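Notes follow the structure.
The values are calculated or read from the model by the stated rules, or taken from the named source; none is laboratory data. In this text the structure is predicted, and so the values were computed from the model without any measurement. Positions of Cβ are generated from backbone atoms using ideal geometry, with glycine treated the same way; all protein chains shown enter the neighbour counts. With ligands, DNA and RNA removed, areas are computed over all heavy atoms of the protein, side chains included. Shrake-Rupley method; radii C 1.70, N 1.55, O 1.52, S 1.80 Å.
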Amino acid sequence: MTDLCALTPESILAGLSTRWAGRGMLLCARELPSTNRLLKELAKQNAPHGSVAVCDHQTAGKGRIGRRWETPAGEALTFSVLLRPRLEPLKAQLCTLAAAVAVTRAIGECCPGLDPRIKWPNDLVLGQGKCCGILSEMGMAGNTLDYVITGVGLNVNQLSFPRELEDKAVSLLGEMRRADPAAPALDRAVLLRSFLTHMESVMDALETDGFEAFRSEYEAASATIGRQVQVLAPAETYTGLALGIDDTGALLVRRENGRNETVLCGDVSVRGLMGYV
Ligand code: ATP
């Protein structure tokens, strides 16, 4: 684990002013199967709240429901944060929503002109294209939450994607170059530092005040709320109006038949009626 890449502890820590995010263990690797997987092992060995694993090339990145997350070497930002939040287990998925807000703020800070939106529960989009996926996994100690590992895959400097993602994926640099073909490549360490700073403040607020702490910011950045959506659940597919988010992070949907559904983050996909968003 001493195999350092351009994202080094030094480059990440330079100027970082957080209390806990990025402190504790900070592991930078050139290549890893999955940053979530590594951090899960370290969580079981008592790694502290705020520990981070980052890698230059993730070879077995996961999405939800067993899907893959593609990370080309050197161009994307792929990392996981170990959280030990004071939250009820039922609210663990709020860490995904908190990370979505923190990535949104980091993009706003580092990428002038981009307007990322959050596609509930775990993706960030720029226009119709997906630029970021977030995956949280939790561990229990008896009846209480032991840890949450929140992994982030952010497309930063990619200018092309594998054919199967061409219609769906976008990167920050790719979108910035639409407006300014001379836009320079982005510094991933700067983006990560910005994320860690915002993640710390959103998580601190979440522990104190629950989802109310960032509800209005989340909803304002949402690509889902207030829209007609298609819910692809294991047992059925239905359409309805996305009304809002409850205190556990679940999506509230009013079906066409007038019934309200609470859609949990777990195993559903939500789509716009006209496409992915
Ligand atoms: P849904 O929209 O159905 O909820 P999802 O988009 O949330 O699905 P995830 O599990 O978050 O799915 O992410 C995995 C999916 O993301 C893959 O199936 C693939 O389509 C897409 N994907 C994989 N790598 C990338 C990437 N680098 N950029 C954008 N999209 C990607």
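In region 21-105, a dipole from Cβ-located charges (positive for Lys and Arg, negative for Asp and Glu) runs towards its positive end, and of Cys28, Pro89, His49 it is Pro89 whose Cα lies farthest in that direction.
I need the shape label for region 228-270. Rule: rounded when a/c is under 1.5, else prolate if a/b > b/c, else oblate, with a, b, c from the alpha carbon gyration tensor. The shape class here is oblate. The peptide list 65-71, 132-138, 176-182, put in order of mean Cβ contacts within 10 Å with the highest first, becomes 132-138, 65-71, 176-182.
Does region 1-53 come out rounded, prolate or oblate by the C-alpha gyration tensor, with a ≥ b ≥ c the root eigenvalues, rounded set by a/c under 1.5 and, if not, prolate when a/b is larger than b/c and oblate if not? Write down the numbers at each step before the final one.
Numbers: a/c = 2.53, a/b = 1.10, b/c = 2.30.
It comes out oblate by the Cα gyration axes.
Modelled spin labels at Arg19 and Leu232, positioned 7 Å past Cα toward Cβ, are 4.2 nm from each other.
Values of log10 I(q)/I(0) for region 113-202 across q = 0.20 Å⁻¹ run -1.06, by the Debye formula with one identical scatterer at each alpha carbon and no solvent.
Centre-to-centre separation between the Cα atoms of region 217-260 and those of region 147-192: 27 Å.
If I take every Cα pair under 8 Å that is 6 or more residues apart in the chain, average their sequence separation and divide by the length, what percent do I get for the relative contact order? Let's see the in-between values first.
Details: 590 pairs, mean separation 46.3, N = 277.
So the answer I get is 17 percent.
Candidate cross-link partners of Lys62 among the aspartates and glutamates, defined by an alpha-carbon separation under 20 Å and a same-chain spacing of 8 or more, comprise Glu31, Glu41, Glu70, Glu75, Asp123, Glu137, Glu164, Glu166, Asp167, Asp267.
What a 1.4 Å probe finds exposed on the chain is 51% carbon and sulfur by accessible area, rounded to a whole percent. A simple packing score, the average count of other Cβ atoms within 10 Å per residue, orders the peptides 10-19, 190-199, 146-155 as 146-155, 190-199, 10-19, with the highest score first.
For region 84-234, a crude dipole built from +1 on the beta carbon of Lys and Arg and -1 on the beta carbon of Asp and Glu, taken about the Cα centre, is about 320 debye to the nearest 20. Computed with a 1.4 Å probe over protein heavy atoms only, the accessible surface of the chain comes to 44 Å² per residue. Extent of region 88-134 along its three principal axes (Cα atoms, max minus min coordinate, largest first): 37, 21, 11 Å.
If the Kirkwood radius is taken over C-alpha pairs of region 16-126, then at 37 °C and 0.692 mPa s the Stokes-Einstein diffusion coefficient equals 216 µm²/s. With the cut-off at 1.5 for a/c, could you classify the chain from its C-alpha gyration tensor as rounded, prolate or oblate? Oblate shape, in that a/c is at least 1.5 and b/c is the bigger or equal ratio.
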